1. For segment 136-183, what is the charge dipole size about the Cα centre, in debye to the nearest 20, if Lys and Arg each add +1 at the Cβ and Asp and Glu each add -1 at the Cβ?
2. Dipole magnitude of segment 301-364 about its Cα centre, charges +1 at Lys/Arg Cβ and -1 at Asp/Glu Cβ only, in debye to the nearest 20?
3. Once you have a ≥ b ≥ c as the square roots of the Cα gyration tensor eigenvalues for segment 23-179, tell me rounded if a/c is under 1.5, and otherwise prolate or oblate according to whether a/b is larger than b/c.
4. From the square roots a ≥ b ≥ c of the eigenvalues of the alpha-carbon gyration tensor of segment 101-255, which class results: rounded (a/c under 1.5), prolate (a/b over b/c), or oblate?
5. One quarter of the convex hull surface, Cα atoms only: what value does that give for the chain in nm²?
6. In debye, nearest 20, what is the charge dipole magnitude of segment 49-164 about its Cα centre with +1 on Lys and Arg Cβ and -1 on Asp and Glu Cβ, if you could check?
7. Using the structure shown, list the pairs from K83/K281; K98/K282; K83/K276; K77/K98 with a Cα-Cα distance above 26 Å, or answer none.
8. For S150 and Y97 in the same chain, what is the full-extension length gain: residue separation times 0.36 nm, less their Cα-Cα distance, in nm?
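The values are calculated or read from the model by the stated rules, or taken from the named source; none is laboratory data. For clarity, every value in this text was computed on a predicted model and none was experimentally measured. Here Cβ is always computed from backbone atoms with ideal geometry, including for glycine, and neighbour counts include all displayed protein chains. With ligands, DNA and RNA removed, areas are computed over all heavy atoms of the protein, side chains included. Shrake-Rupley method; radii C 1.70, N 1.55, O 1.52, S 1.80 Å.
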Amino acid sequence: MSSTAVGALAAEWARCRWLWNECCARSKRAHAENEKCGPARLDKMLTEARACMGWLREGSSVPQQQVIRDFAKSRAKALKDIKAAVPVRQRAGMPKYKKKHQDDLSLNYTRRGFRLKDGRLHLAGGIAVTVVWSRALPEPPSSVRVYRDSTGAWYASFVVASMPETLPKTGRVIGIDWGVKETATTTSDDHDLPHPQHGKRAAQRWAHYQRMMSRRKPKRGCAGSKGYREAKRQTAKLHKKVARQRQDTARKWAKKVVRDHDGLAVEDFRPKFLAKSTMAKKAADAAIGATKTALVEMGRKHGRSVHLVHPAHTTMDCAACGARTKHALPLSERTYTCTTCGVSRPRDKNSARVMLVRAGLRPG
């Protein structure tokens, strides 16, 4: 991206950030005075501000209006949770002030605020950006978000209507059980997903950059040195690489599973509780949540039947006769043996078959 475009986007973001902070201040004042602070009042505030401030008027009104919409939506969600007495730890917080050096740049443009011409993205306000396309757009986009990530790279994310891509029928079904030793254990040996260990392989380099940051950490209230900023950028770059590796592994595996099976019985596993266990580090590296999301999205995209199965007692039930053990099996016991029918099979394989039974699919 040219330095001219970067400067123009940074100036546009400065206006939008100022507007967001003004909305936060207006919201607090409305709460103190027991007044309403909906989109209509904020739109009126924006109109008055643009009329008296030439600096704000120099920017396009499209991303500024989107800031109003985003703020109003965020505030409405927080107020809804407060009214519904949602626990504080689960509640969406009220919008907070955006700081100049701590928030990444992000600008939203609706259809009237951008156009695509000759492979270039033209944004409202006379900003032209050359785009390196990752893939062709299947349909004309309805909006675009231009943002800068923690590594300093720029991206344009287009919103396009999703088009289902139905795959041919195979007549096969599969059950999927999530784990830590293996990210996914299935009823088909060819579709098991071993732990990729992307984070473990990058741990040594992570520690190296974090030591660099620690040595160069600036005093409170002082700007970081060039060496500190470079170490911070390298750390963010490595985090981004590992995240992309996990995402790539998840998507490739999900596409293989979806291509080969018509019905998927997926454990509706929520790995949040693992963050407080001794397996937290390994579970985070396994990226179970991201892999599950990729599998569900891929299945729905290609018209497959995806059944989310509640995980309760799946390690205690027998997939053959349905009998349940009296006590939960310890993690060290990796073979499930039914005391009723005598069936013996690997514990995770039995759980994967239980998924199929509970989903009403015929195990192979």
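1. Numbers: 5 positive and 5 negative charges, 4 e Å.
In debye, rounded to 20, segment 136-183 gives about 20.
2. Numbers: 11 positive and 3 negative charges, 44 e Å.
It comes to approximately 220 debye.
3. Values: a/c = 2.25, a/b = 1.23, b/c = 1.83.
Because a/c hits 1.5 or more and a/b fails to exceed b/c, segment 23-179 counts as oblate.
4. Oblate.
5. For the chain, averaging the hull's shadow over all directions gives 24.2 nm².
6. 480 debye
7. Numbers: K83/K281 36 Å; K98/K282 33 Å; K83/K276 30 Å; K77/K98 18 Å.
Result: K83/K281; K98/K282; K83/K276 exceed 26 Å.
8. Numbers: separation 53, 0.36 × 53 = 19.08 nm, distance 1.88 nm.
Value of the extension gain: 17.2 nm.
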